[in-house]
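Below is one structure; the comments refer to it alone.
Any read-out appearing in this document is the output of simple, stated calculations on the displayed coordinates, not a laboratory observation. Predicted model, so just to flag it, every value in this text is computed and none were measured. Here Cβ is always computed from backbone atoms with ideal geometry, including for glycine, and neighbour counts include all displayed protein chains.
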Amino acid sequence: MSAAMAVTGLSAMVFAFYDEPDSWNAEQGREQDSDAVYEGATTASWFHDEQTATGEPMRAGLFASPSWPLGTEVRVCNDDGECVDGFIGDRGPGVPSSEGVMLDLDPETMETLEGVEAGRIPVTYEVLEWGSGPGEPGEPRPYEV
């Protein structure tokens, strides 16, 4: 089996387990939920991938987590209370996760919350619904190499 076939097969398997949230809207976000299933705070960075772990194209509201289930719906807020809703559609951040950076945000979300020039920002998050894809619910854990 060629490497390309193996990668394609892996992407298909990951995508088969992944359900894109149907209530997510990049422009308007999701209606405010009164109670999150999990919440916390972390440091977030931004990323851009041509090919995501789910095979989804990069777009606004597509975030990366080293451990949460793919398809997890999450609201991320900055220190000023400005929030953006999105979903976990990729894996990352890599090495920074061992330094406490547990979320990668798409460039548009980072620009909305702080500006991409910031690099890394403190955020609070609310998990609105755990995804059905590979990963573990609960406290985010660093990426394992």
**Amide proton proximity set for Ser132, modelled H, under 5 Å, gap of 5+** = Asp19
**Prompt:** Near Glu136, within a Cβ-to-Cβ distance under 13 Å, what is the net charge of the other residues, with Lys and Arg +1 and Asp and Glu -1?
**Reply:** 0
**Prompt:** From the backbone phi of the range 124-132, what are the Karplus-calculated ³J(HN,Hα) couplings (6.51 cos²θ - 1.76 cosθ + 1.60, θ = phi - 60°) in whole Hz, Gly and Pro given as x?
**Reply:** 9, 9, 10, 7, 8, 6, 6, x, 9
**Net charge of Cβ neighbours under 15 Å - reference Glu117; Lys, Arg +1; Asp, Glu -1** = -2
**Asked** Which whole-Hz couplings ³J(HN,Hα) result when phi for each residue of the range 44-50 is put into the Karplus expression 6.51 cos²θ - 1.76 cosθ + 1.60, θ = phi - 60°, listed in order with x for Gly and Pro?
**Response** 10, 10, 10, 8, 9, 10, 6
